[in-house]
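Before any comments, here is the structure.
Read-outs: derived from the displayed coordinates by stated rules, not from any lab. Bear in mind that the values here come from a model prediction, so they are computed numbers and not experimental data. Methodologically, a virtual Cβ is constructed for each residue, glycine included, from the backbone with ideal geometry; neighbour enumeration extends over all protein chains shown.
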Amino acid sequence: MNNQSLWSDAYRRLINNKAAVISACILAILILAAIFAPFLASHSYAYQNLELGATPPSPEYLLGTDTLGRDLLSRILYGARVSLLVGFVATAVALVIGVTWGIVAGYFGGRVDSVMMRIVDVLYGLPFIIFIILLMVIFGRNIWLLFMAIGAVEWLTMARIVRGQVINIKNQEYVMAAQAMGLPNIRLFRKHIFPNILGPIAVYATLTIPQVMLLEAFLSFLGLGVQPPMSSWGTLIRYGVESMEEFSWLLIYPALTFTITLFALNFFGDGLRDALDPKTSED
């Protein structure tokens with residue numbers, strides 16, 4: 001089966017997966033809402049009305065206001081920009097580093113694999129928070145630096161997953177037969193190995209996005225993440241937890257938005273896994 005047929009079959013399987021399609025639509029809506037937040041938000045996300053304070057949902061403030069009188073809907077829309085951006089950028093950094101590292105270690109094996117994975121083991125033992133704090137102290141509190149730092153921490157698990165997949169596929173009989181027939185390494189990788197690791201990579205990527213969102217929220221709690229008046233979904237949830245007994249809407253709506261995003265990413269990742277698995281292709 002050629003590559004064009006492989007991708008055609010993958011696309012067909014993906015669009016036939018209702019859960020994946022619905023999840024993709026939800027993610028598309030969330031991304032568009034984040035992009036067009038200035039046009040969708042009826043109030044400024046930073047404007048404070050201390051006299052108004054926390055008010056429940058109303059026709060003027062559809063999701064209510066927080067304790068500083070700021071429109072919650074506007075803050076969720078603008079928070080989507082930060083949360084989705086940190087999710088996609090940090091995950092992209094983790095993918096580039098982790099996939100490359102795992103492929104090289106798994107494909108060449110031997111001493112190369114041993115040295116590279118020992119480095120991963122050592123990095124696993126280092127407290128990531130100290131690494132990020134040092135970066136912030138040296139280079140200042142830059143949001144893009146935060147994204148890169150989170151991505152540089154999250155690549156370790158990806159490297160292990162990809163390495164394991166490459167080793168498993170490399171030892172399959174059909175791959176060993178192709179090697180014995182003198183198939184060049186580049187064609188061997190492109191035809192047999194890469195298509196088989198796309199599924200696990202896609203699934204882990206969709207799981208990494210909400211994970212780094214939560215990590216950003218944790219860093220914001222320590223004062224190292226997004227700085228006021230900007231906010232992310234994680235920081236909104238944290239503020240909601242602090243006042244949930246009095247003003248429950250401050251927790252419900254950000255948490256519901258984050259939960260829907262989490263489920264959408266998981267279902268879409270499962271759909272990608274099933275669609276990109278060549279073993280389910282019809283010959």
Legend entry - From phi via Karplus (6.51, -1.76, 1.60), per-residue ³J(HN,Hα) for the range 186-193 in Hz, x at Gly/Pro: 5, 5, 4, 5, 5, 8, 10, 8
Inset, instruction - Match the structure shown to one of the listed values [x] -0.26, -1.04, -1.18; [y] -0.34, -1.05, -1.14; [z] -0.29, -1.06, -1.17 of log10 I(q)/I(0) by the Debye sum over Cα atoms at q = 0.07, 0.14, 0.15 Å⁻¹, computed from it, and give that label. - result: [y]
Legend entry - Column: log10 I(q)/I(0), Debye, Cα scatterers of the range 1-111, q = 0.14, 0.20, 0.24 Å⁻¹: -0.81, -1.08, -1.17
Legend entry - Per-residue Cβ neighbour rank within 10 angstrom, fewest leading, Phe194, Phe36, Phe189: Phe36, Phe194, Phe189
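Only counting other Cβ atoms within 10 Å, I'd like Met244, Met181 sorted with the fewest neighbours first.
Numbers: Met244 15, Met181 8.
Ordered from fewest to most neighbouring Cβ atoms within 10 Å, Met244, Met181 come out as Met181, Met244.
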Inset, instruction - Measure out, as a whole number of angstrom, how far apart the alpha-carbon centroids of the range 39-106 and the range 119-139 sit. - result: 26
Inset, instruction - Just rank Ile169, Ile138, fewest to most, by other beta-carbon atoms within 10 angstrom. - result: Ile138, Ile169
Legend entry - Karplus-derived 3J(HN,Hα), 6.51/-1.76/1.60, for each residue of the range 254-260, Hz, glycine and proline x: x, 5, 5, 4, 5, 5, 4
Legend entry - Positive-end residue of Gly106, Gly64, Val82, charge dipole of the range 1-125 with Cβ unit charges: Gly106
Legend entry - Whole-Hz couplings from phi, Karplus 6.51/-1.76/1.60, listed for the range 101-108; x for Gly and Pro: 4, x, 5, 4, 5, x, 6, 7
Inset, instruction - Using just the helices of the chain, give the 222 nm mean residue ellipticity in deg cm²/dmol: DSSP H runs with n ≥ 4 each add -39,500 (n - 2.57), and the total is spread over all residues, rounded to 500. - result: -24500 deg cm²/dmol
Legend entry - Residues whose placed amide H lies under 5 Å from that of Thr65, excluding near-sequence neighbours: Thr55, Leu72
Inset, instruction - Please find the FRET efficiency linking Phe194 to Thr259, where r is the Cβ-Cβ separation and R0 is fixed at 41 Å, and quote it to the nearest 0.05. - result: 0.75
